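Engineer: The structure's right below; bear with me while I get my questions together.
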Amino acid sequence: MLFSGISELTREQRDKLLRRGRADLAGVEAKVAEIIAEVRSRGDEALRDFTRRFDGAEVEELRVSEEEIEKAGERVDGKLIEALEIAKENIADFHRRQLRGDWSYTRDGITLGQVYRAIASVGCYVPGGRASYPSTVLMCAVPAKVAGVGRVVVTTPPARSGEVNPLTLVACSVAGVDEVYRVGGAQAIAALAYGTQSIARVEKIVGPGNVYVTAAKRLVSGDVAIDLPAGPSEVLIIADDSASARFIALDMLAQAEHDPLASSVLVTTSRKLAERVREILERETPSRAEAKQAIEANGAILIARDLAQAIDFANMFAPEHLEIITRNDDEVLRRIESAGSVFLGGYSPVACGDYASGTNHVLPTAGYARVYSGLNVYDFLKVISFQRLSRAALEELAEIIVPLAEAEGLEMHAESVKARIERREHD
């Protein structure tokens with residue numbers, strides 16, 4: 001784990017922090033391209049072959065039946081189902097507030113406006129197999145449903161038994177998912193992008209995945225829309241001496257649980273706090289070995305000379321998750337320019353956003369927060385502009401349109417306007 005003052009970082013140390021998590025997709029793209037080609041050529045047969053090879057599961061029916069989804073509810077603890085339902089409502093409430101209605105305005109005989117229309121179909125990739133990620137189902141499917149998407153599809157890898165984790169299926173039911181398929185990996189992305197005998201293609205693919213899924217999404221992006229770049233998870237914490245060292249250490253370890261490549265970074269103005277957090281991290285033994293491995297390989301405790309330097313570094317880092325635990329969190333937030341999602345104060349751990357507060361946990365990583373936003377309701381909407389001009393308005397605007405069109409050598413553009421304003425009433 002790196003322990004240093006920000007001003008003392010070497011160029012190599014700074015570059016490692018700022019360039020973290022960028023997957024080397026080139027190494028897997030050739031293999032992924034072959035998988036995509038096989039799925040496009042052989043459809044369901046290829047999906048079954050790849051599921052056998054990569055997941056060790058024999059699968060006949062790719063689509064999970066309604067009966068299987070209903071029975072899954074009988075196998076899941078009622079308290080977990082209730083938790084999913086509450087989380088779903090919180091997520092839906094947050095994303096409904098992002099919606100705005102169609103709008104228009106009129107000036108000088110010109111009416112301009114926009115209307116919003118939902119994408120027709122969306123595919124949500126949900127990691128699975130040995131683990132269950134019901135929260136990812138909610139984060140991808142609920143905003144799509146809030147936006148009005150008519151067909152929401154989930155693909156997720158099966159266990160060796162061929163079954164989909166029952167908690168994942170319950171989450172699909174709670175979120176209102178229309179179709180669930182037991183297929184994962186690059187082959188699932190190919191099926192969503194191009195369709196097979198069992199799976200109809202979708203208009204957009206969202207959701208996190210491993211390097212093969214990420215590479216597949218990039219390769220099919222010319223034929224289907226995809227969401228944001230998502231790699232190993234990360235948190236950056238800005239803290240002063242008012243923060244709890246234990247809270248910070250636990251949040252760093254919590255982020256490290258996701259992946260051996262996850263990044264957990266503390267930037268603090270207090271050397272005493274920095275040393276205390278380091279002591280706790282060295283003492284703690286998390287149940288997941290990956291957490292300790294991630295802290296050792298990608299963890300960092302950085303000491304800033306003041307809050308201004310801490311904020312500057314955070315903006316350069318552009319973290320997926322940003323925690324601000326200082327005496328004046330709101331003032332720090334006002335100076336934050338790039339972050340996927342921000343957690344203010346000592347009682348707002350990232351885990352809240354991961355599961356149930358309502359914000360989305362599908363967020364840009366690896367510094368992509370400089371140009372991307374987290375998944376939101378607008379990812380599932382198209383914005384269509386419209387206009388209506390009166391004849392008088394066209395006559396006035398012609399004085400601008402005609403010379404510009406002629407300057408660009410687009411004669412018929414100019415003529416389409418002139419013909420209208422020169423037209424006699426009896427034409």
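Engineer: For residue 14, indicate whether it is closer than 30 Å to residue 310 by Cα, touching a Ser or Thr at 6+ places or on another chain (Cβ under 7 Å) and either part of a loop (DSSP other than H, G, I, E, B) or basic (Lys, Arg) (or both). Quick ask: steps written out before the conclusion?
Structural biologist: Working: closer than 30 Å to residue 310 by Cα: yes; touching a Ser or Thr at 6+ places or on another chain (Cβ under 7 Å): no; either part of a loop (DSSP other than H, G, I, E, B) or basic (Lys, Arg) (or both): yes.
No.
Engineer: Being surrounded by fewer than 15 Cβ atoms within 10 Å (Cβ to Cβ) and not assigned by TED's automatic domain parsing to the domain that holds residue 181 narrows it down to one of 8, 82, 45, so name that one. Break it down stepwise before answering.
Structural biologist: Numbers: 82 fails: not assigned by TED's automatic domain parsing to the domain that holds residue 181; 45 fails: not assigned by TED's automatic domain parsing to the domain that holds residue 181.
Exactly one residue qualifies, and that residue is 8.
Engineer: To continue, here is another question. From the set of residues in the range 11-30 that are of a type in the set (Lys, Arg) and in contact (Cβ under 8 Å) with a residue 24 or more places away in the chain, which is surrounded by the most Cβ atoms within 10 Å (Cβ to Cβ)? It would help to see each step written out before you state the result.
Structural biologist: Quick first cut of the range 11-30, residues of a type in the set (Lys, Arg) only: 11, 14, 16, 19-20, 22.
With the extra rule that they be in contact (Cβ under 8 Å) with a residue 24 or more places away in the chain, the set shrinks to 19-20, 22.
Values: 19: 10, 20: 20, 22: 13.
Looking at the filtered set, the residue picked out is 20.
Engineer: Regarding the range 367-374, can at least one residue be identified that is touching a helix residue (DSSP H, G or I) at 6+ places or on another chain (Cβ under 9 Å), surrounded by fewer than 15 Cβ atoms within 10 Å (Cβ to Cβ), over 30 Å from residue 139 (Cβ atoms) and not assigned by TED's automatic domain parsing to the domain that holds residue 14?
Structural biologist: Within the range 367-374, none of the residues are touching a helix residue (DSSP H, G or I) at 6+ places or on another chain (Cβ under 9 Å), surrounded by fewer than 15 Cβ atoms within 10 Å (Cβ to Cβ), over 30 Å from residue 139 (Cβ atoms) and not assigned by TED's automatic domain parsing to the domain that holds residue 14.
Engineer: Report yes if residue 176 is surrounded by fewer than 21 Cβ atoms within 10 Å (Cβ to Cβ) and in contact (Cβ under 8 Å) with a residue 12 or more places away in the chain, otherwise no. Steps first, please.
Structural biologist: Numbers: surrounded by fewer than 21 Cβ atoms within 10 Å (Cβ to Cβ): yes; in contact (Cβ under 8 Å) with a residue 12 or more places away in the chain: yes.
Yes.
Engineer: Something else now. Looking at the range 103-113, can you tell me whether even one residue there is in a loop (DSSP other than H, G, I, E, B) and farther than 15 Å from residue 64 by Cβ?
Structural biologist: Going residue by residue through the range 103-113, those that are in a loop (DSSP other than H, G, I, E, B) are 108-109.
Subsequent filtering for residues that are farther than 15 Å from residue 64 by Cβ retains 108-109.
Yes, the range 103-113 contains a residue that is in a loop (DSSP other than H, G, I, E, B) and farther than 15 Å from residue 64 by Cβ.
Engineer: For the range 196-226, name all the residues that are at pLDDT 95 or above, under 15 Å from the mean Cα position of the chain (by Cα) and assigned to a loop (DSSP other than H, G, I, E, B).
Structural biologist: Within the range 196-226, just 207 meets the criteria.
Engineer: It is to be established whether one or more residues within the range 343-355 are in contact (Cβ under 8 Å) with a residue 24 or more places away in the chain, surrounded by 21 or more Cβ atoms within 10 Å (Cβ to Cβ) and over 26 Å from residue 207 (Cα atoms).
Structural biologist: Within the range 343-355, none of the residues are in contact (Cβ under 8 Å) with a residue 24 or more places away in the chain, surrounded by 21 or more Cβ atoms within 10 Å (Cβ to Cβ) and over 26 Å from residue 207 (Cα atoms).
Engineer: Identify all residues within the range 255-278 that are among the aliphatic types (A, V, I, L, M), out of contact with any Phe, Trp or Tyr (no Cβ under 8 Å at 6 or more places or on another chain) and modelled with pLDDT of 95 or more; write none if there are none. Give the derivation first.
Structural biologist: We begin by selecting, within the range 255-278, every residue among the aliphatic types (A, V, I, L, M); these are 256, 261-262, 265-267, 273-274, 277.
From what is left, the residues that are out of contact with any Phe, Trp or Tyr (no Cβ under 8 Å at 6 or more places or on another chain) are 256, 261-262, 266, 273, 277.
Answer for the range 255-278, where residues must be among the aliphatic types (A, V, I, L, M), out of contact with any Phe, Trp or Tyr (no Cβ under 8 Å at 6 or more places or on another chain) and modelled with pLDDT of 95 or more: 266, 273, 277.
Engineer: Look at residue 34 and say whether it is over 30 Å from residue 305 (Cβ atoms), modelled with pLDDT of 95 or more and more than 28 Å from the chain's Cα centre (by Cα). Don't jump to the end; show me each part of the working.
Structural biologist: Details: over 30 Å from residue 305 (Cβ atoms): yes; modelled with pLDDT of 95 or more: yes; more than 28 Å from the chain's Cα centre (by Cα): no.
Taking the combined requirement at face value, the residue does not satisfy it.
Engineer: Quick one: in the range 37-70, which of the residues that are touching a residue at least 24 places away in the same chain (Cβ under 8 Å), among the aliphatic types (A, V, I, L, M) and not in a loop (DSSP other than H, G, I, E, B) is farthest from residue 166 (Cα to Cα)?
Structural biologist: My answer is 39.
Engineer: Hey, does the range 301-315 have a residue that's touching a Cys at 6+ places or on another chain (Cβ under 8 Å) and either of a type outside the set (A, V, I, L, M, F, W, C) or closer than 29 Å to residue 175 by Cβ (or both)?
Structural biologist: Filtering the range 301-315 for residues touching a Cys at 6+ places or on another chain (Cβ under 8 Å) gives none.
Checking the range 301-315: not a single residue is touching a Cys at 6+ places or on another chain (Cβ under 8 Å) and either of a type outside the set (A, V, I, L, M, F, W, C) or closer than 29 Å to residue 175 by Cβ (or both).
The values are calculated or read from the model by the stated rules, or taken from the named source; none is laboratory data. Treat the numbers as computed from the prediction; the structure is a model and nothing was measured. With ideal geometry, Cβ positions are generated from the backbone for all residues, glycine too; neighbour counts draw on all protein chains shown.
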